[in-house]
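One structure is given below, encoded as structure tokens.
The values are calculated or read from the model by the stated rules, or taken from the named source; none is laboratory data. For clarity, every value in this text was computed on a predicted model and none was experimentally measured. Cβ placement follows ideal geometry from the backbone for every residue including glycine, while neighbour counts extend to all protein chains displayed.
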Amino acid sequence: MSVTAFNAQAVREREFPITESWCYLDHASRGPLPASHVAAVTAFANDLMCAGEPFAYQTADKMDELRGLAGGLMNAEASDIALLTSTGRGFGVVASGLDWQEGDEIVTYAKEFPGVVIPWLQLEDRGVRVRFVEDRDGRYEVDDVAALITDRTRVVALSLVNFVSGFRAPIEAIADLCKPRGIWLVVDVAQALGAIPVDAQALRADVLTAQVYKHVLGGFGISVCYCSPEIREVLRVASAGWAGRPKEFIGSPDYTIPLSPDARRFEASHPGSLEVRGLLASLTLLTESDPALYQGHIADLSRELTEGLQARGWVVANSDRPAERSSIVSAVKPTGTADSLDEDMRKAHVACSVRSGRLRLAPHLYNTSQDTEYFFECLDRSV
Ligand SMILES: Cc1ncc(COP(=O)(O)O)c(C=O)c1O
């Protein structure tokens, strides 16, 4: 039962018409667009239709606002945020920007989302070795990472929240391993940002990268990437473009103007101007909803789902350590497999997903007990 003061019902009615027809618990796959997002995109599309984009650099100003809001959500400065196009592009900035030497090593985890691993495997033909932390039933220990670190480790690449098990990794303790050794810590926060706290100062990673179409409710085509001032000093910008220079010079034909020292140096050009307007509205909604409050509400819903599944004999596969919980609930069916469950549930207009044979649920700020009750009603009918 929710004990927070967050008014989910008000945001549900105002911003999420999807709740009129769907019980939507699949934010780990993709989140629905809030009404204010669609209104902002529509209004700007209308401006484009009727007036073109009369102020050529208006989108650049909006991107400044976007970096500020994204930075606010991650407890980072706007100057530390690059707006890229996907989570993977954030990894690419590091994989293509470090001066790799034969024998260098990267440490990652055996059960990561492929996007966390593939960029480093491409370096193997340069003599770089990728080492895998072994899985311990959907999680791992800090010591498992420590055991793989050698004097050749250059990068540790992990996700904050695992896309299958929902394991919230002990990134702060891993930063304690990396910092004194000069190892770069690069973290995928795609399954965390928007749903649980992502605090750049507390995590002390060098890169935090996330698309925005899941828990940020922000649509496709843009990603946010925190890059620490320290890593910016050493990374070569492998694919530079006009947008990476300071804003006042982006259109200047003076090619001697250097790239901005800010994280925007990694932006080769602008993302779509419609997407920029939409994401601004989504980030405004999250920021104004008070992340500390609504994330508490999400945690309550995840707990409700966990307890309801356990009461029905499901094995909740998440770590039972409170610090390792996220918004994602991952559960194994007591008998048989959950493989076609997502399809059956979709027929009843319940959105959830199945990953590696496990049911995956991820609630958000506008879900209420109305959704969890309907979910269990349908689950009881379908299994
Ligand atoms: C952990 C994680 N990272 C990244 C992504 C998406 O990556 P990209 O933005 O590069 O397409 C997903 C999508 O499922 C994911 O679960």
- Task: Report whether or not Ala175 is within 16 Å of the ligand (Cβ to nearest atom) and either in contact (Cβ under 8 Å) with a residue 24 or more places away in the chain or within 30 Å of Ala39 (Cβ to Cβ) (or both).
- Result: no
- Criterion (of a type in the set (S, T, N, Q), touching a strand residue (DSSP E or B) at 6+ places or on another chain (Cβ under 7 Å) and without any contact (Cβ under 8 Å) to a residue 40 or more places away in the chain) met by exactly one of Thr306, Thr256: Thr306
- Top-ranked residue in region 128-148 [being within 16 Å of the ligand (Cβ to nearest atom) and in a loop (DSSP other than H, G, I, E, B); ranked as farthest from Leu193 (Cα to Cα)]: Asp135
- Expected output for region 80-94 (first residue part of a helix (DSSP H, G or I), partner more than 8 Å from the ligand (Cβ to nearest atom) and aromatic (Phe, Trp, Tyr), Cβ below 8 Å, 6+ apart or cross-chain) is Asp80/Tyr226; Phe91/Trp120; Val93/Phe266; Val94/Trp184
- Tell me which residues, restricted to region 149-164, are assigned to a loop (DSSP other than H, G, I, E, B) and either within 11 Å of the ligand (Cβ to nearest atom) or out of contact with any Asp or Glu (no Cβ under 8 Å at 6 or more places or on another chain) (or both). Ile149, Asp151, Leu160, Asn162, Phe163, Val164
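Taking the stated definitions as given, is Val11 farther than 20 Å from Ser269 by Cα and among the β-branched types (Val, Ile, Thr)? Full working, then the answer.
Details: farther than 20 Å from Ser269 by Cα: yes; among the β-branched types (Val, Ile, Thr): yes.
Yes.
For region 190-220, which positions are more than 10 Å from the ligand (Cβ to nearest atom) and more than 17 Å from Cys178 (Cα to Cα)?
Of region 190-220, the ones more than 10 Å from the ligand (Cβ to nearest atom) are 193-208, 215-219.
Selection gives Leu193, Gly194, Ala195, Ile196, Pro197, Val198, Asp199, His215, Val216, Leu217, Gly218, Gly219.
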- Search result, residues across region 186-242 that are charged (D, E, K, R), within 13 Å of the chain's Cα centre (by Cα) and under 23 Å from Ser269 (Cα atoms): Asp188
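Restricting attention to region 190-201, does a residue exist that is of a type outside the set (A, V, I, L, M), in contact with a helix residue (DSSP H, G or I) (Cβ under 7 Å, 6 or more places away or on another chain), over 28 Å from Glu105 (Cβ atoms) and modelled with pLDDT of 95 or more? It would help to see each step written out before you state the result.
Here is the first cut: in region 190-201, the ones of a type outside the set (A, V, I, L, M) are 191, 194, 197, 199, 201.
After this cut, where a residue has to be in contact with a helix residue (DSSP H, G or I) (Cβ under 7 Å, 6 or more places away or on another chain) as well, the list is 194, 197.
Then keep just the ones that are over 28 Å from Glu105 (Cβ atoms); that gives 194, 197.
Next cut, modelled with pLDDT of 95 or more only: 194, 197.
Looking through region 190-201, at least one residue is of a type outside the set (A, V, I, L, M), in contact with a helix residue (DSSP H, G or I) (Cβ under 7 Å, 6 or more places away or on another chain), over 28 Å from Glu105 (Cβ atoms) and modelled with pLDDT of 95 or more.
Okay, residues lined up against (1) over 19 Å from the mean Cα position of the chain (by Cα); (2) within 19 Å of Gly72 (Cβ to Cβ); (3) assigned to a loop (DSSP other than H, G, I, E, B):
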{"position": "Val276", "(1), (2), (3)": "no, yes, no"}
{"position": "Gly296", "(1), (2), (3)": "no, yes, no"}
{"position": "Thr306", "(1), (2), (3)": "yes, no, no"}
{"position": "Leu309", "(1), (2), (3)": "yes, no, no"}
{"position": "Ser319", "(1), (2), (3)": "yes, no, yes"}
- Name every residue in region 106-127 that is of a type in the set (Val, Ile, Thr), closer than 27 Å to Arg321 by Cα and within 16 Å of the ligand (Cβ to nearest atom), in order of residue number. Thr108, Val116, Val117
- Message: Can you find a residue that is of a type outside the set (Val, Ile, Thr), without any contact (Cβ under 8 Å) to a residue 60 or more places away in the chain, in contact with a strand residue (DSSP E or B) (Cβ under 8 Å, 6 or more places away or on another chain) and assigned to a loop (DSSP other than H, G, I, E, B) anywhere in region 224-236?
- Response: no
- Query: Which residue pairs have Cβ atoms closer than 6 Å, lie 6 or more positions apart in sequence or on different chains, and pair a first residue in region 107-121 that is closer than 14 Å to Ala190 by Cβ with a second residue that is within 11 Å of the ligand (Cβ to nearest atom) and among the acidic types (Asp, Glu)?
  - Reply: Val116/Asp188
- Query: Under 7 Å by Cβ, and 6 or more places apart or on different chains, what pairs join a residue from region 18-35 that is under 17 Å from Leu193 (Cβ atoms) and touching a residue at least 24 places away in the same chain (Cβ under 8 Å) with one that is part of a strand (DSSP E or B) and not aliphatic (A, V, I, L, M)?
  - Reply: Asp26/Ser353; Ala28/Ser353; Ala28/Arg360; Ser29/Ser353; Pro32/Tyr24
- Note on the structure: Counting only residues in region 95-122 that are aromatic (Phe, Trp, Tyr) and assigned to a loop (DSSP other than H, G, I, E, B), the one farthest from Leu235 (Cα to Cα) is identified as Phe113
- Somewhere in region 281-301, is a residue in contact with a strand residue (DSSP E or B) (Cβ under 9 Å, 6 or more places away or on another chain), in contact (Cβ under 8 Å) with a residue 24 or more places away in the chain, of a type in the set (Phe, Trp, Tyr) and farther than 30 Å from Trp100 by Cα? no
